[in-house]
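Visitor: Once you've had a glance at the structure underneath, I'll fire off some questions.
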Amino acid sequence: MTVDAASHLAGHTSAIAPPAGPQDANRTTDVVIIGGGPAGLTAAYELLKRSDAYHPVVIESGAMVGGIARTENHNGYRFDIGGHRFFTKVKEVSAMWQEIIGDEFLTVARSSRIFYRGKFFAYPLKLFNALSNVGVYESIRIVVSYVRWRVRPHPIEDSFEEWVINRFGGRLYMHFFRSYTEKVWGIPAAQIRADWAAQRIRNLSLVKAVWNAISGANDTVSLIEEFRYPRLGPGQMWERCAALVEDRGGQIRMRTKAIVFHRAGMCVTSVDVIDSGGNVHSIPTQQVINSMALGELLPAFDPPPPAPVMEAAAKLKYRDFLIVTLVLARADPFPDNWIYVHSPDVKVGRIQNFRAWSADMVPDPGTASIGMEYFCQEGDELWTASAVDLRALATREIAALGLAQPGDVIDAAVIRQPKAYPVYDSEYKAALDVISGWIDELENFQTVGRNGLHRYNNQDHSMLSAMYAVRNILGESHDVWNVNVEQSYHEEIELEKTEPDQPKIEQLHANYTV
Ligand SMILES: Cc1cc2nc3c(=O)[nH]c(=O)nc-3n(C[C@H](O)[C@H](O)[C@H](O)COP(=O)(O)OP(=O)(O)OC[C@H]3O[C@@H](n4cnc5c(N)ncnc54)[C@H](O)[C@@H]3O)c2cc1C
C-alpha cells in the first residue's frame, strides 16, 4: 500500500508551490498534515471549518483514505480492516460523524459470541449459558480461584496477567483472557503491561457482572448494545470527509509518502514527500500535524533528534494484522456481527460477518462475506504466507470451527495491515516520555492519532487529538498527549449522557481486544 521509500533515489527533487485554492489570495500552504486516516482528515476538516485563513495539504502514502478505518473492496464485496464500530462519548466527534454522513449512518444491533473449547459462549456473558458450557465443577473452581486471589492478590500489578488475575481470579483469566490476549499480542500475557488492561478493561467487576447476569440488569444502554456504522463501511465516512476537505480548498495527495522533515533549530521548515512515480518534492510549511508512526517519524528528521530520542523511537513496537475475506456461496453462516475465537488450536482471532454490519457490504444476498482476522508480525510465517496459502488456512479454519464447508468458499481477498497495534510492553512508556518531551519542544510540529501518539485507541481518540491540535494552531493551548475520550481532560469535552461512566462486562471484549 505504501510507496517504496527507497525508490526516491531514482527520482528528482523539486520545491512545489502552494496549490491553487478558492481563496488563494489570503492563503498559504501553511499546514502539512501527514496521514489521510481519521486523525489527518479530521485535522484538515476541522481546520477548514474553523478558519478560512489556512490551506491544509494532506499527505497520504496509501491509495485509499481512512487509514486502518478504510473499507476495502474486492469484486464488489466491501470489508473493513477488522469491523469498525462507531461509538463515542464525545459530542464533538459524534457531531462530526453526523455532519459528514448523517443520511447514511446506520444503527446496528450488536450481536457477538465467543468460541472456546468447541463451544459458543453468549456475549455479553450470560450466567447460565456460561455455567452450562464450563460445567458445575469448573464453575466452582472459578469461584474458589476468584476468592483466593481477592484475599491474597499479587502485591504488585505490573503485568496484564497480574492485573486481570487480581480482579477475576486465575481460572477466569485462563479461560477468557490468556489465550485470546496472547493471540492478539504474540507474547506471553505476563510480558504485557498492566497499563493496557487498565486502559481497555478499566472498572470491571466480576461481582457486578454476575449480579447483572442473575438479575437481568443492564445499565449499559444504546451505545453498547448498538453502534453506528456507515452503510458502505467506515471508509465511506472518510471518503466523504476527504471530498468535503477538497471542496473547501484543502488538498489531499494520495500515494505520496512523507520521508524527511527538515528543521532549523526546533522549527520544521519543510517536508520532503515522494510520490508514486519516485519523484521527491519539498513542501515548505509553517505548521505540521503528523499521524504517521513515531517509530518511523523520528528517524525522518533532518537534522536528527538527539541520540536518546532516536534510541527511544527504536524501542516502540507494533503488532501487525491481516484479514482473509472469504466469499461463501451461501448466505450468513452465523447471525453475529463477529465471533471471538479464543481456542488456541486455530490461529484465527476473530471472525466477521460483514452483512450483519450492513447488508450493502455484500453485493449478492445469496452469498456471504466473512472476514477471518489474524494477528501477526511483519515478516513472520503468517505475514509472508502467499494469498493462496492464507485462503487455504482460512478455509480450513472456518471448516474446523463448523461455520462453513470448504466447498462453500468461492472467492477470497487478503489485506495486510502493518502497525495495526501500538504495543504496550515494558519499554514503551519510558520511551514515549523521552519522545514526547522532545516533540513538545518543536515550535510548529504536533503529533496526533493512534500511531502518532502510540496510543491503542479508537477513532474518536484520534479525531479528538486532531481537533485539539488544530485549536492549538488557532491559538488555544491543549496537551494532545493527554487527550482522553473516557474522562474529560478538559471540562469543555462534553460526554454523551447515554453511555455509562465506565464500561461493564458487556464491553469487555469489544474494548479489550481490538
Ligand atoms: C482490527 C482493528 C479493529 C478496530 N476496530 C475499531 C472500532 O470498532 N471502532 C473504532 O472506532 N476504532 C477501531 N479501530 C481503531 C481505528 O482503526 C483507529 O483508531 C484509527 O484508524 C486511527 O486513525 P489514525 O488516523 O490515527 O491512524 P491510521 O488509521 O493508522 O491512519 C494513518 C494514515 O497515515 C498514513 N501514513 C503513514 N505513514 C505515512 C507517511 N510517511 N506519509 C504519508 N502517509 C502516511 C497511513 O497510510 C494511514 O492512512 C480498530 C483498529 C484495528 C486494528
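Visitor: Restricting attention to region 477-492, does a residue exist that is within 10 Å of the ligand (Cβ to nearest atom), modelled with pLDDT of 95 or more, touching a Leu at 6+ places or on another chain (Cβ under 7 Å) and under 25 Å from Val184 (Cβ atoms)?
Guide: No, there is no match, as no residue in region 477-492 is within 10 Å of the ligand (Cβ to nearest atom), modelled with pLDDT of 95 or more, touching a Leu at 6+ places or on another chain (Cβ under 7 Å) and under 25 Å from Val184 (Cβ atoms).
Visitor: Further question on the same structure: If you scan region 89-120, which residues turn out to be surrounded by 15 or more Cβ atoms within 10 Å (Cβ to Cβ) and in a strand (DSSP E or B)?
Guide: Val90, Phe105, Leu106, Val108, Ser112, Arg113, Ile114, Phe115, Tyr116, Phe120
Visitor: Okay, next question. Residues that are within 13 Å of the ligand (Cβ to nearest atom), at least 2 per element: which helices (runs of 4 or more DSSP H) completely within region 415-474 meet that?
Guide: 450-453, 459-473
Visitor: Out of region 264-297, which residues are of a type in the set (S, T, N, Q), in contact with a helix residue (DSSP H, G or I) (Cβ under 7 Å, 6 or more places away or on another chain) and assigned to a strand (DSSP E or B)?
Guide: Within region 264-297, Gln287, Asn290 meet the criteria.
Visitor: Condition first: within 23 Å of Lys317 (Cα to Cα) and part of a helix (DSSP H, G or I). Can you find one or more residues in region 403-414 that meet it?
Guide: no
Visitor: When you scan region 361-379, do you find a residue that is part of a helix (DSSP H, G or I), surrounded by 22 or more Cβ atoms within 10 Å (Cβ to Cβ), of a type in the set (A, V, I, L, M, F, W, C) and touching a residue at least 12 places away in the same chain (Cβ under 8 Å), even just one?
Guide: The answer is yes, given that some residue of region 361-379 is part of a helix (DSSP H, G or I), surrounded by 22 or more Cβ atoms within 10 Å (Cβ to Cβ), of a type in the set (A, V, I, L, M, F, W, C) and touching a residue at least 12 places away in the same chain (Cβ under 8 Å).
Visitor: Right, next: In region 226-258, what residues are part of a loop (DSSP other than H, G, I, E, B), surrounded by fewer than 21 Cβ atoms within 10 Å (Cβ to Cβ) and away from the ligand (no atom under 11 Å from the Cβ)?
Guide: The answer is Arg231, Leu232, Arg248, Gly249.
Visitor: If Ile323 passes every condition in (1) outside any strand (DSSP E or B); (2) touching a residue at least 12 places away in the same chain (Cβ under 8 Å); (3) hydrophobic (A, V, I, L, M, F, W, C) but one, which one does it miss?
Guide: The number of the failed condition is (1).
Visitor: Pairs please, first residue from region 58-70 and assigned to a helix (DSSP H, G or I), second anywhere and within 7 Å of the ligand (Cβ to nearest atom) and β-branched (Val, Ile, Thr), Cβ atoms under 8 Å, 6+ apart in sequence or on different chains.
Guide: Ile68/Ile81; Ala69/Ile81
Visitor: Would you point out which residue out of Arg330, Arg391, Arg396 is among the basic types (Lys, Arg) and part of a loop (DSSP other than H, G, I, E, B)?
Guide: Working: Arg391 fails: part of a loop (DSSP other than H, G, I, E, B); Arg396 fails: part of a loop (DSSP other than H, G, I, E, B).
Matching residue, one of Arg330, Arg391, Arg396: Arg330.
The values are calculated or read from the model by the stated rules, or taken from the named source; none is laboratory data. Small disclaimer: the values here were computed from a predicted structure and weren't measured. Every residue, glycine among them, receives a Cβ derived from its backbone with ideal geometry; neighbour counts consider all protein chains shown.
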